Amino acid sequence: MDKNPSPTADKSPQTSPEAPFTTFIQLDGRSAVPSQFRTPGTFTITRLQSPAGLPDRITKLSPVPALLVSISLKSLPSSSYQVWTADKLIATSVVHPFRSNVIDFDSQPKCWAGSAFDYVHYSVPRKGLDDIAEDLGFGRVRDYRLAVLEDDLVVAQITKSILPFLGRSDAPSVLALDQFNLILGAHLIQRYGVLQKTAQHSKGGLAPWQKRRASELLRQNMHGRIRLSDVARECGLSVSHFGRSFKTSFGVSTHQWLIQHRIDHAKQLMSQTRLSLIDIAIQAGFNDQAAFTRTFHQFVGVSPGRWRRHYMTRHFRA
């Protein structure tokens, strides 16, 4: 686990010790399973698989105040699943796919799964949640309600959206993970936070100079290695306020804006140079040609090679 990461563990590039990352850990029958699972003090997404279950319960710990959000990806019989908070056994039933647990790390949660399991775990620091709550106008959230085997459609859907990228070479960039953290955090606050007041946030967008500065920084960091907090700071805003204002101004999130810019830059290179597709992929900010082809097809509807051939044929005829 954290002390003995699997060879399949995959971390996105980090620009600072606080950068978020993803990990995919696959256990087997011979894997040594520590009694404690220690998360880092930052936002992380961990997919943990085992074909055999756990020999004993494990305690989950965080070095900072944080929430643990766990989502099952497959069923578990009630006889093979137990959860404890503050050393108290919580009543559970059959674990259905995409059911969620939301537990404060302060309660030192423990869990045991006696048969094959597949889970996604989010570690969500309270500091980031406090910042989001303040920006949304809720004030500081003092407590979050315990949820075990919750049927949370929002958490299920955003987990499905991130799942294909866990364990791949083109893992989400830190910018994408920062944006993901904002979306998940806002939902956790509004569904599980014990709130003192209703939201009262501004719906305004970025000022013209902020739009120019944000665009400039994102273009200069096409691989997405810049943190959302860095761009927000340059615009004089909190991360949450900047994220909402950027989407109001541009109609998309920073990560989606950056991907579209990569696609546009790739089109320019394909139409104006004879560079190979792999060189274009790298220059346009993609990790490899496979990631470039997959994303280009998703946004444009055809492969880069086909788009280039069509463009060149049309240009030649003209």
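The values are calculated or read from the model by the stated rules, or taken from the named source; none is laboratory data. Keep in mind it's a predicted model, so treat the numbers as computed, not measured. All Cβ positions, even for glycine, are placed from backbone atoms using ideal geometry, and neighbour counts span all protein chains on display. The area values use the complete protein model at the heavy-atom level, side chains included, leaving out ligands, DNA and RNA. Shrake-Rupley method; radii C 1.70, N 1.55, O 1.52, S 1.80 Å.
Rounded to the nearest whole Å², what accessible area per residue is found for the chain with the 1.4 Å probe?
Counting only protein heavy atoms, the per-residue value for the chain is 49 Å².
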By accessible area (1.4 Å), largest first, Tyr311, Tyr122 order as Tyr311, Tyr122
From the cross-link list Lys127/Lys267; Lys247/Lys267; Lys127/Lys247; Lys110/Lys247; Lys160/Lys247, the entries with a Cα-Cα span beyond 31 Å are Lys127/Lys267; Lys110/Lys247
Measure of exposure for Met222: accessible area at 1.4 Å probe, Å² rounded to 10, is 30 Å²
Carbon/sulfur accessible area of the chain, % of total, 1.4 Å probe, equals 51 percent
Counting only protein heavy atoms and leaving out ligands, DNA and RNA, the solvent-accessible surface of Asp56 at a 1.4 Å probe, in Å² to the nearest 10, equals 100 Å²
With every protein chain in place, the accessible area of Arg308 for a 1.4 Å probe, in Å² rounded to the nearest 10, comes to 40 Å²
Extension length gain for Ala207 and Tyr311 (0.36 nm per residue less Cα distance), in nm, is 33.7 nm
Reduced to Cα centres, the span from segment 138-155 to segment 216-231 in Å works out to 31 Å
Ordering 98-107, 76-85 by per-residue average of other C-beta atoms within 10 angstrom, highest first, gives 98-107, 76-85
For the chain, the longest principal axis of the Cα atoms and the Cα long axis of helix 153-162 enclose an angle in degrees, to the nearest 10, of 50 degrees
Checking Leu149, Leu275, Leu195 against a Gaussian network model of the chain (alpha-carbon springs below 10 Å), the top fluctuating residue turns out to be Leu275
